[in-house]
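Following: one structure in structure tokens, then a few remarks.
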Amino acid sequence: MSTLSLNRRHPLDFVFAVLMVLAAGFAFSRYGAHMDYYEQGILAGVTTGLIWFGWFWPAMRWFLPAAGVLALIATAAYGNDLSRAQHAFLLKYLLASQSAVMWMCVLYVMSTITYWFGMLRRSETALGIASGMSWTAALAALTALLVRWYESYLIGADVGHIPVSNLYEVFILFCLITTLMYLYYEARFKARSMGAFVLLVISAAVGFILWYSLDRQAHEIQPLIPALQSWWMKIHVPANFIGYGAFSLAAMLGVAQLLVSRNVLATRLPTYETLGDVMYKAITVGFLFFTIATILGAAWAADAWGGYWSWDPKETWALIVWLNYAAWLHVRLVKGWRGNVLAWWAVVGLLVTTFAFIGVNMFLSGLHSYGGL
Amino acid sequence: MRFAVSLLAIVAIASIIGTVLKQGQQFIDYRIEFGDFWFGIFDPIGLFDVYHASWFLAILGFLMLSTSLCIYRHAPGMVKDIRSYREHAGRNSLRLMAHHAEVEGETVVDRQAAQEYLKRAGYRWRINDANGVWLLAAKKGSAQRLGYLFAHAAIVVICIGGLMDGNLPLKLREVVGNKKAETRDIPQSKVPPESRLGTGNLSFRGNVTLPEGAVGDVVFLSEGEGYFVQDLPFALRLKQFQVDYYSTGMPKRFASTIDVLDRKDGKIIKSGVVEVNKPLVVDGIAIYQSSFGDGGSALQFTAWDLGGGGESKLNATSKSTQNITLDGKPYTLEFGDLRVTNVENMGKPGSGDVPSGDTSTVAVNKVEQALASAQSVKSSRNLRNMGPSIQYKLRDQAGQAVEYLNYLSPFYADGATYLLAGVRKDITAQFQFIRVPLDSENKSDAYMRLRNVMLDPANYPEIARRTANKAFADGGFSSTRRDDFQSVTQAILQQFGHGGFTQIDKFIESKVPADKRAAVAQTYLKILQNATVDAMDVAQQKAGLPPLPMTAENYHFLMDSLVATSGFYEYGSPVFLQFDAFTEVKSSGFQLTRSPGEPVIFFGSILLVIGIFCMFYLREERVWLRIGDGHTLLSLAGNRRPAELDTTFAAHRNALLPAIPQGE
Ligand code: HEM
């Protein structure tokens, strides 16, 4: 946290902060009249959070503004007419949310392949390109979400909502968050070959997005049912996905660690200890945010259903996931366990998490009616 | 610790069971699903209500206890440790630390500058200057230890909150025997006191459903196979319930306008609107919108007697049962919920007209279609509001029931309008619909007129005569052929009047050799169709109305009438209840909770987040700078990972000690 003291700031940090404040001011001047106190609070909170984020991780100082600019270009190209998505060149091939999602999908798949190529050939160049593609894909994902947000309002003023309300939207969010977390650790630990594994789980998500969109038309923007019309949703869902993203990341590093312990790819991947370290870090981040998300979920449930805890399957599975990682952290911190057991456990943890995330929606019914497959 | 982890595992497994086995269903459903044997095992160990089973609560209690003990054991030491600067550390122990450096001389370090450096680096310190030794002991990030206390205390706090809101006290009173869940389905006022809970009950979560205009002052708490009646300190009146819809037919807003009344004098204490996500809190009791439905609406029907041809009016109330005599036999009519809007997804516009012959082009088309539609975020579904509907069961004396689903509004299809009359004989089956064709005024009267004429054998000679007249209008055939034709027409009408198309098929099967059946069936159908035209004329004439001009539409109408008439033979009811009108009364379901544990839970949650944050993101670090015995010694201890400590130590050493390294 000491990195945040003011006197150690780079001038660009202040430029970024001013930019964020200006952006918030712009948003407020334009939409302030439609915001209630909560939303104004959220705007202020988000602005502060983004400034902190940009200071904490300098790459965000260009990433966030870039996505913002792309989204603004898209909104300008729309000019209040949704059907322009089919005609305007820029929208049709690049910036309409669905086009951006398709670019995202393509880039992730290419990035995965390139990471593998780079790792197997020990080509730093290839790994660099792969990393760049992941950055671009993440940029496409963030832009897609922002543009989709705008598009939802073009469909109807009462339809508009933040795009974290169904399984399709949160999968894009999942890709975005997992990538960003990974890219952070990649730079911090200078360990690019991890991407080969992490991108696998993202590619799986991409596969799901494509199937869900092409086969099930899940990409269509639906209005919010009453239960979802709550500002808790805006923070509960993203917090949850930071958790899911971090746990997936940890599991993939667990896989890598297990391979290294069997001398597979051992010379191409980061050391066993580094992988374990990053895995631990990811789980601590995930655990913190998952805890917050669960609490926010309880607060929301208290508003919507009349009880903060109803032992609804989704809630119960969230508790199981939470207990699982609490136990993981206990054996590491209290018992001092290290090594393959924890790696296996992280991998199993992903299965549990995936079930909580998708399986519950598929197989169990409950109050969490949204996002059924 | 190991024990605690195994308990956690049990909690997790129990929770999994709880999600896989649907909880809190009707017990009778469980009995059916699992059979008596497994039910007899599952029920006593509480698998149908895992989260309230005694053993589950006991485990939670135990976890709470062991966590408290853990805190109790560790807390004093930790607090001491957190507060201590360890300014009495001896030279030897400092030199044993993995990160230390010692240089000769006592004046190599500017003590003031060192303190300033440490201040900038975020440390706090204490100086122990005694016996010729100057020892600066600094630390930062001690709150990491606090994190442990916070996180674990939070677990205990959350469990306490949960217990406050749980039904433990009620369970105890059930065990002692002074409370017992009511299992009979009786009016609320008749529920005996041992199944009622007073307004003094500290925590509850119960439900009540009120029709518009009604007042309620209790809620129902379900408990195993029965329920308890919880008296409320106030009464609740539902003034109005409203559902708003999006243009897609999805519900947008559920809102109940309610009054909260004083129980004694009926004065209004508070009025307000309760919506999903917007509860209303009165007296510490939160009122939530939890469901909605039909509150018993007035319904009007025209009962068309499918046998004798009479018609009569019938008034009924949805969600109620009434007796009715049909054909001299007693039946009960069991009405379900009135549904005012029925938005159906009719699929994508234009879908379904994909050519079916060449599969490869279809596949390509599908991919193209999918890609094209993946472009647009706007839904292109073809939604249709089918209008109000009512579902009811007609139960005969033997207890056999057939289920019906009738729509009020005309249904448009293929350029004609119909009334949809749905029927199913098996609850799990889909409804089969009879399309009752409507005349140009969207009424069923013309169809019913035709039907009555076609089912009355007294009319057959006249119809057959007219049909034969037309068939032989241009002469050319002998009169014997004509007589044959007329009697065949009568026979066909007779068969149709006995059982529709099925009966005609049977008739052909019994009379005609197999190789000729198809041709004969064709001829018969043609004759029947022609006879229907004449039957309509007869019907019009009898009603004193002009004949229908034989336009394409009217011909279509007559053919539809044939199909509908034939369909009614499978209807299983002697009457068709045509749904004419209704006056809607809605009902709204509320959940009322009093949960004193909620603030405790959220306090615990905040503690938990702070605790976890401190544990993972604060790092304890201690630095000692010891000047004495002719040496200057710098030591660093901390629980970051070694690599990070190395960097930190290198930085401190650079800043605090002279450049030339010695010793080590
Ligand atoms: C929220 C995340 C949690 C973290 C990071 C955490 C961390 C720790 C740590 C570091 C210890 C060792 C204390 C020591 O020996 O100095 C510990 C012990 C323990 N924790 Fe947790 N804990 C967490 C949550 C929980 C939960 C949810 C429970 C149980 C419901 C729990 C129950 C215990 C128990 C029973 C011990 C053993 C105490 C003993 O051996 O005396 N903790 N935990």
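The values are calculated or read from the model by the stated rules, or taken from the named source; none is laboratory data. What you are looking at is a predicted structure, and each value in this text was computed from that prediction instead of being measured. In this analysis, Cβ positions are derived from the backbone assuming ideal geometry, glycine residues included, and neighbour counts consider all displayed protein chains.
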Where A:Gly128 falls short, out of the listed (1) surrounded by fewer than 24 Cβ atoms within 10 Å (Cβ to Cβ); (2) closer than 22 Å to A:Gly68 by Cβ; (3) not polar (S, T, N, Q): (2)
Would you be able to say whether some residue in segment B:51-62 is at pLDDT below 85, surrounded by fewer than 16 Cβ atoms within 10 Å (Cβ to Cβ) and more than 16 Å from the ligand (Cβ to nearest atom)? yes
Within segment B:101-118, residues within 14 Å of another protein chain (Cβ to nearest Cβ) and within 21 Å of B:His88 (Cα to Cα) come out as B:Leu118
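Looking for something touching a strand residue (DSSP E or B) at 6+ places or on another chain (Cβ under 6 Å), in contact (Cβ under 8 Å) with a residue 24 or more places away in the chain and buried (at least 18 other Cβ atoms within 10 Å of the Cβ) - is there at least one such residue anywhere in segment B:601-611?
So far as segment B:601-611 goes, no, none of its residues is touching a strand residue (DSSP E or B) at 6+ places or on another chain (Cβ under 6 Å), in contact (Cβ under 8 Å) with a residue 24 or more places away in the chain and buried (at least 18 other Cβ atoms within 10 Å of the Cβ).
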From B:Ala468, B:Ala531, B:Ala521, residue being more than 25 Å from B:Tyr571 (Cβ to Cβ) and in a helix (DSSP H, G or I): B:Ala468
Here the qualifying pairs (Cβ atoms under 8 Å; residues six or more apart or on different chains; first in segment B:89-116 and closer than 12 Å to B:Gly630 by Cα; second exposed (fewer than 11 other Cβ atoms within 10 Å of the Cβ)) come out as B:Glu102/B:Glu664; B:Val103/B:Ile660; B:Glu104/B:Gly630; B:Gly105/B:Gly630; B:Glu106/B:Gly630
In segment B:265-292, what residues are farther than 18 Å from B:Val218 by Cα and among the basic types (Lys, Arg)? B:Lys278
In segment B:563-607, how many are at pLDDT 90 or above, touching a helix residue (DSSP H, G or I) at 6+ places or on another chain (Cβ under 6 Å) and within 14 Å of chain A (Cβ to nearest Cβ)? 5
Taking the conditions exactly as written (within 16 Å of the ligand (Cβ to nearest atom), small (Gly, Ala, Ser), surrounded by 14 or more Cβ atoms within 10 Å (Cβ to Cβ) and more than 30 Å from B:Lys239 (Cβ to Cβ)), does B:Gly224 satisfy them or not? no
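The rows are residues; the columns are (1) hydrophobic (A, V, I, L, M, F, W, C); (2) outside any helix (DSSP H, G or I); (3) within 27 Å of B:Ile606 (Cα to Cα).
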position: B:Val108; (1), (2), (3): yes, yes, no
position: B:Gln112; (1), (2), (3): no, no, no
position: B:Trp125; (1), (2), (3): yes, yes, no
position: B:Asp129; (1), (2), (3): no, yes, no
position: B:Leu135; (1), (2), (3): yes, yes, no
position: B:Gly147; (1), (2), (3): no, no, yes
All strands (runs of 3 or more DSSP E) inside segment B:243-333 with 2 or more residues being within 14 Å of another protein chain (Cβ to nearest Cβ): B:251-262, B:268-275, B:280-282, B:285-294
Output yes when any residue across segment A:238-258 is surrounded by fewer than 22 Cβ atoms within 10 Å (Cβ to Cβ) and either within 21 Å of A:Asp312 (Cβ to Cβ) or under 16 Å from the mean Cα position of the chain (by Cα) (or both), and no when none is. yes
Quick one: in segment B:148-160, which of the residues that are under 21 Å from B:Lys80 (Cα atoms) and more than 8 Å from the ligand (Cβ to nearest atom) is surrounded by the most Cβ atoms within 10 Å (Cβ to Cβ)? B:Phe150
Quick check on segment A:306-321: of everything there that is within 7 Å of chain B (Cβ to nearest Cβ) and outside any helix (DSSP H, G or I), which residue is nearest to B:Leu280 (Cα to Cα)? A:Gly306
Take A:Phe189 and tell me if it is buried (at least 22 other Cβ atoms within 10 Å of the Cβ), outside the structural domain of A:Ser248 (by TED's automatic domain parsing) and over 13 Å from the mean Cα position of the chain (by Cα). no
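Okay, residues lined up against (1) in contact (Cβ under 8 Å) with a residue 24 or more places away in the chain; (2) in contact with an Asp or Glu (Cβ under 6 Å, 6 or more places away or on another chain); (3) aliphatic (A, V, I, L, M):
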position	(1), (2), (3)
A:Ala191	yes, no, yes
A:Met194	yes, no, yes
A:Val201	yes, no, yes
A:Gly207	no, no, no
A:Ser213	yes, no, no
A:Ile221	yes, no, yes
A:Gly243	yes, no, no
A:Leu253	yes, no, yes
A:Leu258	yes, no, yes
Any idea which of B:Arg73, B:Arg2 is within 11 Å of the ligand (Cβ to nearest atom), over 23 Å from B:Gly226 (Cβ atoms), modelled with pLDDT under 70 and of a type outside the set (A, V, I, L, M, F, W, C)? B:Arg2
Tell me which residues, restricted to segment A:308-349, are of a type in the set (Gly, Ala, Ser), more than 16 Å from the ligand (Cβ to nearest atom) and surrounded by fewer than 18 Cβ atoms within 10 Å (Cβ to Cβ). A:Gly339
For the list (1) surrounded by fewer than 19 Cβ atoms within 10 Å (Cβ to Cβ); (2) among the aliphatic types (A, V, I, L, M); (3) away from chain A (no Cβ under 14 Å), I need the number of the one condition that B:Leu163 fails. (3)
Boolean, A:Ser213 is buried (at least 18 other Cβ atoms within 10 Å of the Cβ), away from chain B (no Cβ under 14 Å) and not in a loop (DSSP other than H, G, I, E, B): no
Residue within segment A:273-293 that is aromatic (Phe, Trp, Tyr) and closer than 17 Å to A:Val170 by Cβ present: yes
Do we have B:Val157 as in contact with a Leu (Cβ under 7 Å, 6 or more places away or on another chain) and in a strand (DSSP E or B) here? no
Would you call A:Ala293 among the small types (Gly, Ala, Ser), touching a residue at least 24 places away in the same chain (Cβ under 8 Å), in contact with a Gly (Cβ under 7 Å, 6 or more places away or on another chain) and part of a helix (DSSP H, G or I)? yes
When you go through (1) within 17 Å of B:Asn459 (Cβ to Cβ); (2) within 53 Å of the chain's Cα centre (by Cα); (3) surrounded by 18 or more Cβ atoms within 10 Å (Cβ to Cβ) one by one for B:Phe507, which number turns out not to apply? (1)
Residues satisfying the stated conditions in segment A:65-119, i.e. surrounded by 23 or more Cβ atoms within 10 Å (Cβ to Cβ) and outside any helix (DSSP H, G or I): A:Ala96
Exactly one of A:Ala157, A:Ala246, A:Ala251, A:Ala204 is in a helix (DSSP H, G or I) and outside the structural domain of A:Ala302 (by TED's automatic domain parsing), and that residue is A:Ala204
In segment B:375-395, how many are modelled with pLDDT under 90, more than 14 Å from every other protein chain (Cβ to nearest Cβ) and out of contact with any Ser or Thr (no Cβ under 8 Å at 6 or more places or on another chain)? 1
